[in-house]
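Questions regarding the structure given below will be posed in turn.
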Amino acid sequence: MTVGSCADCGCTDEKPCEAGCSWANEEHTLCSRCASQAAAPAAAAMQLGAALAQLQRALYVFEEVWGEQLAREDFDAAYGDVARLFGNVSESVQTLLEEFPEALEESRAGERRIVVP
């Protein structure tokens, strides 16, 4: 077996990562530990993007229903739905940011914003 060296952490066949690892590629240039760490942010970004897309679809559906309620002049129902929606959106965004704190960044002006890759 050819002695390799991980391009990320420098582990080798003779000196693997402390927690143990194996080669993630045939060239023996990336260990399994570094490969899994590299994949985690991409997986998190995909999950965040999917969750935000689902939230956006829910907003479109809500907009349709809300428009119908306003057309019928059912203002109490419309107000209640808006309040529930914003509560749900706020809770969903908070949950997403707890799961993916790297998605929140501060702009130059000091405002917080969500960044979706």
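Across segment 68-108, what is the total count of residues that are surrounded by fewer than 11 Cβ atoms within 10 Å (Cβ to Cβ), under 11 Å from the mean Cα position of the chain (by Cα) and at pLDDT 75 or above?
Final tally of qualifying residues: 1.
Read through the list (1) in contact with a Gly (Cβ under 7 Å, 6 or more places away or on another chain); (2) in a helix (DSSP H, G or I), then give the number of the only condition that residue 65 fails.
Failed condition: (1).
The values are calculated or read from the model by the stated rules, or taken from the named source; none is laboratory data. In this text, all values refer to a predicted model and were calculated from it rather than measured experimentally. Glycine gets a Cβ as well: all are built from the backbone with ideal geometry, and neighbour counts include every protein chain shown.
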